[in-house]
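Accompanying notes for the structure given below.
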Amino acid sequence: MATSRIRRSAAAVLTMTAVATTVLVGQAVADEDRPATATTPATATATETVPASASAHAPVDTADASARSGRVPRIAAAWHSAWTGEDPNALADLFTKDGTLIDLSVPYTSHGRAEIAEFKAITERLIPDADLEITDAFRSGDRVVIRTDYSGTLPGASKSFKVQMATVLELRHGKIAVNTDYYDRATMLRQSGLPADWRPPTQP
């Protein structure tokens with residue numbers, strides 16, 4: 001009889017331990033999915049993810065649990081929609097008032113929403129068929145990394161280009177404070193059949 005009670009007690013302890021472990025693991029996963037820094041309500045909104053319908057590939061967001069099922073950070077989806085849309089102000093509105101957009105390959109830096117909108121408008125005029133396709137995106141705290149296939153046809157080019165681009169967004173209260181674009185200009189020009197010293201007809 002004593003042995004039976006010991007076995008029942010041991011089984012109860014094991015059951016309680018399993019339940020506690022499940023609770024702790026669930027809490028750890030929930031904590032991991034939260035941004036690393038404290039956020040305002042606006043920043044929390046930017047942490048949400050949306051379906052990756054903008055991309056032909058399933059992007060991965062290692063910061064958000066929902067991204068494991070093929071979703072991208074909401075701010076990345078908004079950024080993509082603004083860049084592929086026709087309204088330059090839609091892109092500018094995603095930035096803080098003193099936001100900065102840096103294209104390291106042109107190279108060119110836009111300061112403030114008015115200049116960012118103008119850079120978007122100039123890009124549309126120079127490359128009317130410009131397109132971005134998200135292949136990967138993730139968020140960690142107030143930084144978002146977006147990888148895209150950037151394609152289009154440059155003025156005077158005999159062929160179109162398609163290069164990989166990486167964009168790093170630094171957020172402040174849910175808005176983009178700094179946007180930095182990285183892509184290989186030399187590869188873009190080579191694919192386009194243009195000389196290495198090519199310059200656009202209208203420099204941004």
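The values are calculated or read from the model by the stated rules, or taken from the named source; none is laboratory data. Since this is a predicted model, take the numbers as computed values, not measurements. So basically every Cβ, Gly included, is an ideal-geometry build from the backbone, and we count neighbours across all protein chains shown. What goes into the accessible areas is simple: the full protein's heavy atoms, side chains included, and nothing from ligands, DNA or RNA. Shrake-Rupley method; radii C 1.70, N 1.55, O 1.52, S 1.80 Å.
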Looking at THR135, is it within 19 Å of LEU171 (Cβ to Cβ), hydroxyl-bearing (Ser, Thr, Tyr), modelled with pLDDT of 95 or more and open to solvent by 20 Å² or more (accessible area, probe 1.4 Å)? no
In the stretch 188-203, the residues that are open to solvent by 30 Å² or more (accessible area, probe 1.4 Å) and on the phi < 0 side of the Ramachandran plot: ARG190, GLN191, PRO195, ALA196, ASP197, TRP198, ARG199, PRO201, THR202, GLN203
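For the stretch 72-91, which residues satisfy the criterion of being crowded, with 24+ Cβ neighbours inside 10 Å and either free of Cβ contacts under 8 Å to residues at least 60 places away in the same chain or in contact with a Lys or Arg (Cβ under 6 Å, 6 or more places away or on another chain) (or both)?
Within the stretch 72-91, the subset crowded, with 24+ Cβ neighbours inside 10 Å is 72-73, 75-76, 79, 91.
The answer is PRO73, LEU91.
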Which of the residues that make up the stretch 103-126 are among the aliphatic types (A, V, I, L, M) and either within 17 Å of LEU169 (Cα to Cα) or modelled with pLDDT of 95 or more (or both)? LEU104, ALA114, ILE116, ALA117, ALA121
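Evaluate the following for ALA177: is it modelled with pLDDT of 95 or more and not in a strand (DSSP E or B)? Step through it out loud before you land on a result.
Details: modelled with pLDDT of 95 or more: yes; not in a strand (DSSP E or B): no.
No; evaluated as a whole, the condition is false for this residue.
Filter the stretch 133-170 for residues that are outside any strand (DSSP E or B), among the hydroxyl-bearing types (Ser, Thr, Tyr) and over 22 Å from GLU86 (Cα atoms) and give the result. Walk me through how you get there before you give the answer.
Going through the stretch 133-170, the residues outside any strand (DSSP E or B) turn out to be 141-142, 153-160.
Remaining after also requiring among the hydroxyl-bearing types (Ser, Thr, Tyr): 153, 158, 160.
Within the stretch 133-170, just SER158 meets the criteria.
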Based on what the data block shows, is HIS173 closer than 24 Å to ALA77 by Cα, open to solvent by 70 Å² or more (accessible area, probe 1.4 Å) and under 18 Å from the mean Cα position of the chain (by Cα)? yes
Of the criteria (1) outside any loop (DSSP other than H, G, I, E, B); (2) at pLDDT below 50; (3) under 21 Å from SER151 (Cβ atoms), which one ALA90 fails: (2)
Based on this model, can you work out whether VAL163 counts as over 19 Å from VAL106 (Cβ atoms), among the aliphatic types (A, V, I, L, M), touching a Phe, Trp or Tyr at 6+ places or on another chain (Cβ under 7 Å) and crowded, with 16+ Cβ neighbours inside 10 Å? no
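Within the stretch 122-132, take every residue that is in contact with a helix residue (DSSP H, G or I) (Cβ under 7 Å, 6 or more places away or on another chain) and not in a loop (DSSP other than H, G, I, E, B) and give me the one that is surrounded by the most Cβ atoms within 10 Å (Cβ to Cβ). Reasoning before the result, please.
Taking the stretch 122-132 first, the residues in contact with a helix residue (DSSP H, G or I) (Cβ under 7 Å, 6 or more places away or on another chain) are 130-132.
Subsequent filtering for residues that are not in a loop (DSSP other than H, G, I, E, B) retains 131-132.
On the way: ASP131: 14, LEU132: 19.
Taking the candidates together, the pick is LEU132.
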